[in-house]
Amino acid sequence: MIPLDTQSMTPLYQQVAQQLEQAVNSGELRYGDKIMSEAEMSHHYGVSRVTVRRAVDRLVESGVLSRRQGKGTYVSFPAFMEDIVVKEHSFTVSCLNKNRRPSTKVVSNSVVTVRGELMHKLQLPGPTQMVRLVRIRYVDGAPAIYEEDYFPMKYEMLLGMQLDDRSIFGFLAEEMNIFPRNYIDEFRVQYPSAQQAKYLGIPQEKPLLGVFQWVLDADGNVIYYNDELIISDSHPFTIRSHIE
């Protein structure tokens, strides 16, 4: 910590706010971290709790921090807006168009037997083997989306491919000359499982935006199914509607 300059023209609360913001920008405080309480910061910086409160208020207003009722104050995830109605309908392209840095980590790539509720959702005639790809999507290094993709077995070549930081749309176009053209999205509010919460670095009681998507070709044939859990308070969606 750099000692506060009591002789400076810069008010003490601004100096505290600047140090907190610098800690976020440097990675000392990471997205989702809980910061010290007012009492702890008052002791840490040697200032009054009123000064600390003004500093925190300033950072909450600017979106650097966010308060959670009854839980404390946390470092906000970077704001990012995913626009559903875009020409490419691609997470990677949407990020790049907004000057954000997308990245992807594959955590599972295997053949599974789809049964039960998911089997009915996919309108399968019975238990069916499919290729399941589980990925974590990041924006500027912070987890944003937990994603499961289900492909028919004709796409089993995916099992042997390195797909970290690779666009599925790009793979389909470059390797198979297949171009997704239509999408059907179903929205819900869903709480993550313990494993999903761990991947996203969030508490399990945090509600997420769930999006189940059918990805279709130009003729309406299903290419694959996509199931996402999105940290929607920091990565909101915008839907544009047009009435003709």
Taking 0.36 nm per residue of sequence separation and subtracting the Cα-Cα distance, how much length would be gained by fully extending the chain between Thr113 and Asp57, in nm to one decimal?
15.1 nm
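What number comes out for the charge environment of Gly126, summing +1 per Lys or Arg and -1 per Asp or Glu over other residues with Cβ under 15 Å away? Spell out each step's value before the answer.
Working: positive: Arg115, Lys121; negative: Glu117.
Its environment carries a net charge of +1.
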Charge tally in the Cβ shell below 9 Å around Trp214, where Lys, Arg are +1 and Asp, Glu are -1, Trp214 excluded
-2
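If I take every Cα pair under 8 Å that is 6 or more residues apart in the chain, average their sequence separation and divide by the length, what percent do I get for the relative contact order? It would help to have the intermediate numbers written out before the result.
Working: 396 pairs, mean separation 39.0, N = 244.
Averaging sequence separation for qualifying contacts and normalising by length gives 16 percent for the chain.
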Residues listed by number, region 95-110, amide nitrogen under 11 Å from Lys206 label point at 7 Å toward C-beta
none
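Which FRET efficiency, nearest 0.05, do Arg68 and Asp217 yield, Cβ-Cβ r, R0 41 Å?
Details: r = 43 Å, r/R0 = 1.05.
That gives a FRET efficiency of 0.40.
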State the label only: which of (1) 19.7; (2) 18.3; (3) 20.5 corresponds to Kirkwood radius over Cα pairs in Å computed from the shown model?
(3)
Just to compare against my own numbers: the Cα pair-distance distribution for region 12-75, 10 Å bins, whole % per bin, please.
24, 61, 15
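None of the figures in this text is laboratory data; all of them are computed from the coordinates on show. Predicted model only: the values in this text are computed from it and were never measured. Because the Cβ atoms are built from the backbone with ideal geometry, glycine has one as well, and the counts that use them run over all protein chains shown.
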